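The values are calculated or read from the model by the stated rules, or taken from the named source; none is laboratory data. Nothing here was measured: the structure is a model prediction, and the numbers come from that model. Ideal geometry is used to build each Cβ from the backbone, glycine not excepted, and the neighbour counts take in all protein chains shown. All accessible areas refer to the heavy atoms of the entire protein, side chains included, with ligands and DNA or RNA removed. Shrake-Rupley method; radii C 1.70, N 1.55, O 1.52, S 1.80 Å.
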Amino acid sequence: QALPVLFKHWLKNEEVEEGGTTVLRCELTKPNAPVEWRKGDTVLQPSDKYEIRQEGTRVELFIYDAEAQDA
């Protein structure tokens, strides 16, 4: 039976000025595990606003042109 995927390093709060770019990062116990980024009930999709990168166990969410509602 496969072990569950866990966080090795949890997300940290980030501060960014309005209009800036921020990156949220986490690290998983298994490489290339499927990850969904969410804001409330909404699943974030790659777009001009959000870029999602995953390499091995490291997963990143870039938020461009940050606004107050991105909090």
> Which distance in nm do the two modelled labels at Leu3 and Ala68 give, with both placed 7 Å along the Cα-to-Cβ direction?
Replying inline: 4.5
>> Quick check: at a probe of 1.4 Å, how many percent of the accessible area of the chain sits on carbon and sulfur atoms?
In response: 49
> Of the residues Leu61, Leu24, Leu11, which exhibits the maximal mean-square fluctuation in a Gaussian network model of the chain defined by a 10 Å Cα contact cut-off?
Replying inline: Leu11
> For segment 7-70, what percent of Cα pairs sit more than 14 Å apart?
Replying inline: 58
> Are there GluC sites (Glu not before Pro) in the chain that DSSP marks as loop and that have at most 12 other Cβ atoms within 10 Å, and which are they?
Replying inline: Glu14, Glu15, Glu17, Glu18, Glu36, Glu67
> From the phi of every residue in segment 62-71, what ³J(HN,Hα) in whole Hz does the Karplus formula 6.51 cos²θ - 1.76 cosθ + 1.60 yield, where θ is phi - 60° and glycine or proline is x?
Replying inline: 8, 10, 9, 6, 4, 10, 4, 6, 7, 5
